[in-house]
Structures are given as structure tokens and as C-alpha cells.
Amino acid sequence: MKVKLVGLALLAVATLFGCKETAEAESEVAVEEAEGPDYADFDRKVAVIAAFYEAHSNEDLAAVTEMLSDTMQWSPPGYNGGKWLGKEDLLGALKGYHDGFEDIKYISGIVTADDTVNGYWSGSVFPEAGANISANVIRVYGTWHAKYTETGNEIGLKFFSLVAVNEDGKIVSASDYFDAGGLMDQAMAEE
């Protein structure tokens with residue numbers, strides 16, 4: 001009888017621990033799934049950025065203004081010692097483009113030898129120490145096209161920016177990279 005009781009006790013303990021391990025494993029899977037990339041957040045932020053570029057292409061400064069946070073920080077394409085500028089500085093630069101160019105058009109995407117591929121990226125797996133799955137900063141790649149009003153010259157400009165969008169759907173920071181000198185060389189070139 002003692003052997004049967006000990007056997008039942010061992011079976012009960014084994015079952016208890018086995019269920020606990022299964023529950024812990026299921027819990028870990030649920031945590032991993034919950035901590036996966038938030039694709040909806042990424043898509044929401046990309047939509048804000050795309051709408052901003054569309055409004056700029058349409059020279060709609062009022063719409064552009066509404067898409068920027070009042071505390072927006074902007075790093076212009078020309079090196080300025082690393083100084084961040086504000087919302088009004090960016091709006092002034094955009095107005096300058098609207099005044100000096102026409103037919104402004106943005107084409108999203110990275111130009112490769114064979115194609116133009118996705119223009120919006122976020123998160124990383126490299127380097128391992130800084131790997132993340134968040135959409136806190138969106139990497140934007142594309143090409144701007146326009147006609148310089150003064151000369152009628154067509155311009156094309158590869159573009160890269162790091163853009164952050166807050167929970168209110170406002171752009172809170174942008175760090176732009178493009179060849180501003182090359183832009184003006186194209187604009188002022190004599191045929």
C-alpha cells in the first residue's frame with residue numbers, strides 16, 4: 001500500500017511540474033508574440049510621413065504646418081555643426097522650395113540596379129547590441145524631382161531622412177540628408 005501511495009504522490013508531483021512547465025512555455029510564447037514588431041504603428045507613421053511629402057509636393061504649406069509638432073526639431077541637409085533647428089526654420093526652407101521650384105514631386109524608394117524598392121524602413125537586427133523592433137524612427141529613402149522656376153531646369157535629387165512621429169500623428173523630428181549643392185548646380189546649369 002505504501003508503494004502505491006508513494007507512486008501516486010510521485011505521479012501527482014510529476015503532473016504538477018509538467019503542467020507548470022507547459023504553462024511557462026505557453027506564457028513565454030505569448031510574451032514573444034506580444035513583443036513582436038508593431039506593424040500597425042509603423043504603417044500609421046509611414047502614412048503621416050507620406051502625407052507630409054504629398055502636401056509639400058502640392059505646395060500646401062498650411063497642411064504641412066498642421067503635420068508638424070510645435071516642438072519639432074529639424075536637422076537640415078547642409079552641415080551646421082550639429083545644431084538642431086525648429087519648426088519655423090523647416091517651414092521657411094519649405095517655403096523657399098515652393099517659391100523657387102514648380103512641379104515638385106516625390107518618388108518613394110531606394111533605386112537599385114534592377115528596380116526601385118521600398119522607401120520606408122525601421123528597426124534593425126544589426127548591430128546586435130543595438131538591435132530593436134520599434135518604429136520610433138523611420139528611415140525614409142526617395143528621390144525629389146522639380147523644375148527650377150528661374151531657369152526652367154529639371155532637377156532630380158536622391159533623398160534620405162530619419163523621421164520620428166509622435167502618438168498624436170505629428171512629426172517631432174527629421175534629420176535630412178541630400179546634396180544641397182548638387183541641387184543648385186542642376187538648377188543653375190547652362191545648357
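The values are calculated or read from the model by the stated rules, or taken from the named source; none is laboratory data. The structure displayed is predicted, hence computed values, not measured ones. Cβ placement follows ideal geometry from the backbone for every residue including glycine, while neighbour counts extend to all protein chains displayed. The area values use the complete protein model at the heavy-atom level, side chains included, leaving out ligands, DNA and RNA. Shrake-Rupley method; radii C 1.70, N 1.55, O 1.52, S 1.80 Å.
Brief remarks follow.
- The mean accessible area for residues of region 95-146, using a 1.4 Å probe and ignoring ligands and nucleic acids, is 61 Å² per residue.
- Sorting Y79, Y120 by solvent-accessible area of protein heavy atoms yields Y79, Y120, largest first, with a 1.4 Å probe.
- Taking all protein chains together and a 1.4 Å probe, the residues E190, E35 rank E190, E35 from largest to smallest accessible area.
- Computed from the C-beta positions of D60 and T112 and an R0 of 30 Å, the FRET efficiency is 0.45 to the nearest 0.05.
- Above-threshold pairs, the threshold being 21 Å between Cα atoms, out of K147/K170; K87/K147; K105/K147; K83/K105: K147/K170; K87/K147; K83/K105
- Net charge contributed by nearby residues that have their C-beta within less than 14 Å of Y79 (K/R +1, D/E -1): -1
- Environment charge of K170, counting only residues whose C-beta is closer than 11 Å and scoring Lys/Arg +1, Asp/Glu -1: -2
- Taking all protein chains as they are arranged and a probe of 1.4 Å, the heavy atoms of H56 leave approximately 10 Å² accessible to solvent.
- Area of E54 that stays accessible when all protein chains are in place (1.4 Å probe, Å², to 10): 100 Å²
- Label-point separation in nm, D103 to A129, each point 7 Å along Cα→Cβ: 5.0 nm
- Local charge for H145 was computed over the other residues whose Cβ lies under 13 Å away, with Lys and Arg +1 and Asp and Glu -1, and equals 0.
- Percent carbon-and-sulfur accessible area, region 36-173, ignoring ligands, DNA and RNA, probe 1.4 Å: 55 percent
- Computed accessible area, W84, all protein chains, 1.4 angstrom probe, square angstrom: 120 Å²
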